[in-house]
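First the structure, in the form of structure tokens, and then the observations on it.
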Amino acid sequence: MTTTANLELLPDDCVLAIFEWLTLDDLCAFSGTCKRFQMLGQQYFRIHFPNEVNTEVEVKIGSKGKICVSPHKSYLKCFQKFITNISIVSYDHDGEESEDDESSEDDEPSADEDPADERIRQMSLVVNFMNRKCNRINRICVEGDVDLDSFIHASGNKAKKILRSAETVVFKDRNHSGVDEAKFLMRCPNITTLIMEDGIAMQNCNAIFQQMYPKLEHFYYIRSYGTDLRIDNLKTFFRHHPKIKTVAWMFHYDDAEDDALKCLQMVDYVSNLEHMFLLIDRLLADNFNSICNYLNVLCNRENFQCLEIEFSGEEGAAALKANSKFLAKLKQCTKIHVTCMLLTEVIPALQSLTYLKTLSLADLTFEEDWNDYFETDDLVRLVDNTRNIDLPSIEEVHLIDMDDEHLYVYILQFVSNWSKLKRIFLPACIWSDTVLHDSFLETLSRQRKKLKNSCELTIFTNHNGNKTNLKHDLVKVKFAEFKFHPFRQYASVSDCE
């Protein structure tokens, strides 16, 4: 009979070979038997479970001195110093029990405790968790009403090393008060990406822009208010950060159009800009004609490489159709996002964009003929009977937040019509049941063979129900854990191959 003592006599290579036969839960249980197996298990975990290592871990802060950690996985408790992506969220989970609750009875607040002291104690729990589980941070997201002043006070020098390693910092759904985001960023001198979303107060935005981030390369301003920005501060910010290569603007629906345009024009001061993302919805759609004149100047800059635009809703569709001839002239306009509209209505506009290589489709309005469930044979007949939606230049498509049944129709349409299409990215949704069955893949491959001069196509998916399937001639499936784009849910090819 084999005992733990017998196993401890085995060389490291033999123990690692045993690990190959274990599930992740079994690996965690095995690793907990002794310090040596813990060390070897952690080494094996880092190498062979990269998806779990790269998963963003959410630390939720509730009241009564409690924090809750998700996902609820055994490896979170078992292994140390491996988390590289963390999100700190303000969340009231009173009465909710969690197997990953990081609190203890000693952490319960007393009835007469000062609220400020309570917040500092809560943040101490977060800092302690980070010290146990993080050696360095790639990405840290602060979401909701998280008191960063208390975090800074609680951490002292404990989290100094971890914060200094942070490469991406995200502020999301903040509380419109204080200047704690600026103070927090002072402790993150090595960031290369700064993402500012809703809820950052005007005085704090300006405080952030008055600071220096020597390594900053990517700046995203997402659905905050242009009126929150002082243009002179923004201009100085861009001038003082010559390494910025990417800028994204997504203004709030209720913003003032003139303020949004002024912010957009400040990109002139980004001397080495290579890539810009711009959202065109109700706010900027009516004035998109004048924006096009600005984009023309931008695209004539020697080092500018990629213009990425999202057109959203009816207003966005109208702006796209009205300005497609202009966009067709821009060689850098290689990525278009289409959101909340009927795709076949904008196909003629997209067909004129001969430089367009990547198309991202989200929350599309569906054709009336697609409202019923179709078997595979019905799908083929439907595609044969519908209008050809060929986009001759498209090489890559991202399908996001779509109804499962309609998703099959889109996939079959694209595979059957788009000869240059090489990649389809299919990120799983929370409610998604989409599974690419082998019979459906056979149908896709047959349809692909009918298309003249069609290239081989790979469908990348992170849906757990889909497994890598490379046996078909022209249409293959690869399971991959996506690294998502900072402001839109799609992945680059390098993340999946």
**Request:** Can you work out which of the residues in the range 48-60 that are touching a helix residue (DSSP H, G or I) at 6+ places or on another chain (Cβ under 9 Å) and modelled with pLDDT of 85 or more is nearest to residue 123 (Cα to Cα)?
**Result:** 59
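Can you go through 418, 370 and tell me which one is open to solvent by less than 70 Å² (accessible area, probe 1.4 Å), at pLDDT 90 or above and over 24 Å from the mean Cα position of the chain (by Cα)?
Answer to the selection: 418.
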**Item:** Odd one out for residue 158 among (1) of a type in the set (D, E, K, R); (2) over 22 Å from residue 242 (Cα atoms); (3) open to solvent by less than 70 Å² (accessible area, probe 1.4 Å)
**Value:** (3)
**Any chance residue 73 is open to solvent by 10 Å² or more (accessible area, probe 1.4 Å), at pLDDT below 80 and of a type in the set (Lys, Arg)** = no
**Asked** Looking at (1) crowded, with 20+ Cβ neighbours inside 10 Å; (2) in a helix (DSSP H, G or I); (3) among the charged types (D, E, K, R), which is the one condition that is false for residue 308?
**Response** (2)
**Prompt:** Does the range 421-444 hold any residues that are in a helix (DSSP H, G or I), of a type outside the set (A, V, I, L, M, F, W, C) and crowded, with 18+ Cβ neighbours inside 10 Å, and which are they?
**Reply:** 443
**Message:** Just to be sure before I move on: is residue 332 of a type in the set (S, T, N, Q), free of Cβ contacts under 8 Å to residues at least 60 places away in the same chain and in contact with a Cys (Cβ under 8 Å, 6 or more places away or on another chain) in the structure I sent?
**Reply:** yes
**Prompt:** Which of the residues that make up the range 305-335 are of a type in the set (A, V, I, L, M) and within 18 Å of residue 294 (Cβ to Cβ)?
**Reply:** 307, 309, 319, 320, 322, 327, 328, 330
**Request:** Return yes or no: is residue 314 open to solvent by less than 70 Å² (accessible area, probe 1.4 Å) and among the acidic types (Asp, Glu)?
**Result:** no
**Qualifying residue in the range 412-428 (condition: in contact (Cβ under 8 Å) with a residue 24 or more places away in the chain and farther than 22 Å from residue 343 by Cα)** = no
**Message:** I'd like the full set of residues that are farther than 19 Å from residue 303 by Cα, within 21 Å of the chain's Cα centre (by Cα) and open to solvent by 30 Å² or more (accessible area, probe 1.4 Å), limited to the range 326-353.
**Reply:** 340
**Request:** Of the numbered conditions (1) more than 20 Å from residue 393 (Cβ to Cβ); (2) surrounded by fewer than 21 Cβ atoms within 10 Å (Cβ to Cβ), residue 456 fails exactly one; give the number of that condition.
**Result:** (1)
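The values are calculated or read from the model by the stated rules, or taken from the named source; none is laboratory data. The structure displayed is predicted, hence computed values, not measured ones. For neighbour counting, all protein chains shown are included, and Cβ atoms are generated from backbone atoms with ideal geometry for every residue, glycine included. All accessible areas refer to the heavy atoms of the entire protein, side chains included, with ligands and DNA or RNA removed. Shrake-Rupley method; radii C 1.70, N 1.55, O 1.52, S 1.80 Å.
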